[in-house]
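Input: a single structure, listed below in C-alpha cells.
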Amino acid sequence: MHPTSFPIYPTLRVEADYAVLAELSRGLSGGDILNVCVNAIHAGSTDVDSANWRWTQEMIEAEIAKAKKAKAEHAGEKTGPMRRIGVSIAD
C-alpha cells in the first residue's frame, strides 16, 4: 500500500523524482539518508502554516550533496589542510 493512501498522510507534499534521488544517494548509508530527509523536512517546514510546507527536488539534492561532502571529509578525502586534534606539551 502506498504511503499516500494512509489517512495519516492526507497530503504528501514532496515534489521530487525518487529515481533520481535514489541514484544521487548511492554510497550513503541508511543513517545518512535519514539525516538527508530530516534536514530537508526542516528546510521545507519554515512557513507558520503547516499546509504550506513543501519539499522539493532541489532541497533534497542539496542535502544529499551536504551529506556526501561530510562523508568525504570524515573519510579523509578533505582537500584542505588537516586540523590538529588534541594537545601537546609544546602547545
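Every number here is computed from the coordinates shown, using simple stated rules; none is lab data. Keep in mind the model is a prediction, meaning the values are calculated, not measured. Glycine also receives a Cβ, built like all others from the backbone with ideal geometry; neighbour counts cover every protein chain displayed.
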Which members of the range 17-74 meet the condition of being within 28 Å of residue 85 (Cα to Cα) and of a type in the set (Ser, Thr, Tyr)?
-> 29
Residue list for the range 17-36, restricted to those being exposed (fewer than 15 other Cβ atoms within 10 Å of the Cβ) and either in contact (Cβ under 8 Å) with a residue 40 or more places away in the chain or not in a loop (DSSP other than H, G, I, E, B) (or both) | 17, 18, 19, 20, 22, 23, 27, 30, 31, 34
